[in-house]
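What follows is a set of notes on a single structure, which appears directly below.
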Amino acid sequence: MNFYTHCPSPLGQLTLLAHDQGLLGVYFEQHQHFRGLQDAKLNPDAPHLAMAVYQLHEYFAGQRKVFDLQLDLSRGSAFQQKVWLALATIPFATTCSYGELAQRIAAPKAVRALGAANGRNPFSIILPCHRVIASTGALTGYAGGLQRKQMLLEF
């Protein structure tokens, strides 16, 4: 059984989805790749949701720079999971180019595939895909919208 809750943030309402094994996603309103709640039941007290909401509040209050949550990455391919885990290695207040991230995961020729996997990251903010930018320094696609990406980088 999947559970969901909503969490207010300076970037708009977030929808969090989880089940007993971990968090399944954190999505913005009009998130480009959000599959919807399907059969999920509203339960803000579900342990993984409650912990995620708590840590997100700490993050936006400037009291947290790293998240410590049980994430269920199983909805992604092996390559997507590798990219998503690499996102967690990008330090707070820094950015990384797509090419640099491809080097980190030992897939230097897979920059486009990495970009696609980055765009499908279901853990907005938690796994900081917003910290990945073009090698020119330009902001490129973000499933939550480029304005939110800019705001997160400024934060």
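The values are calculated or read from the model by the stated rules, or taken from the named source; none is laboratory data. Because the structure is predicted, anything quoted here is derived from the model rather than measured. Cβ sites come from the backbone with ideal geometry, for glycine too, and all protein chains shown count toward neighbours. These area figures cover heavy atoms from the full protein model, side chains too; ligands, DNA and RNA do not enter into them. Shrake-Rupley method; radii C 1.70, N 1.55, O 1.52, S 1.80 Å.
For this structure, a couple of remarks:
- Ranking by accessible area, most exposed first, for I133, I125 with a 1.4 Å probe: I133, I125
- CD proxy at 222 nm, helix term only [per DSSP H run n ≥ 4: -39500 (n - 2.57); per residue of the chain; nearest 500]: -9000 deg cm²/dmol
- Protein accessible area in the stretch 16-148, 1.4 Å probe - carbon and sulfur %: 51 percent
- Note on Q150 and R75: the model spin-label points, each 7 Å out from Cα along the C-beta direction, lie 2.8 nm apart.
- The chain - share of DSSP beta bridges that are antiparallel (%, nearest 5): 65 percent
- Accessible area per residue in Å² at 1.4 Å probe, computed on the stretch 5-139: 51 Å²
- Choice from Y27, Y98, Y54 showing the highest fluctuation, given a GNM over the chain with Cα pairs closer than 10 Å: Y54
- Between L114, V66, G22, the Cα set farthest toward the positive side of the dipole of the chain (charges on each charged residue's Cβ, about the Cα centre) is that of L114.
- Pairwise FRET efficiency - S135 versus V66, Cβ, R0 = 35 Å, nearest 0.05: 0.85
- Accessible area of K82 in the full protein assembly, 1.4 Å probe (Å², nearest 10): 100 Å²
- Across the options H33, P44, Y54, the greatest Cα extent toward the positive end of the charge dipole of the stretch 21-86 (unit charges at beta carbon of Lys, Arg, Asp, Glu) belongs to H33.
- Take the Cα of S97, step 7 Å toward its Cβ, do the same at L37, and the gap between the two points is 4.3 nm.
- Summing Cβ point charges (Lys, Arg +1; Asp, Glu -1) relative to the Cα centre of the stretch 1-122 gives a dipole of roughly 520 debye.
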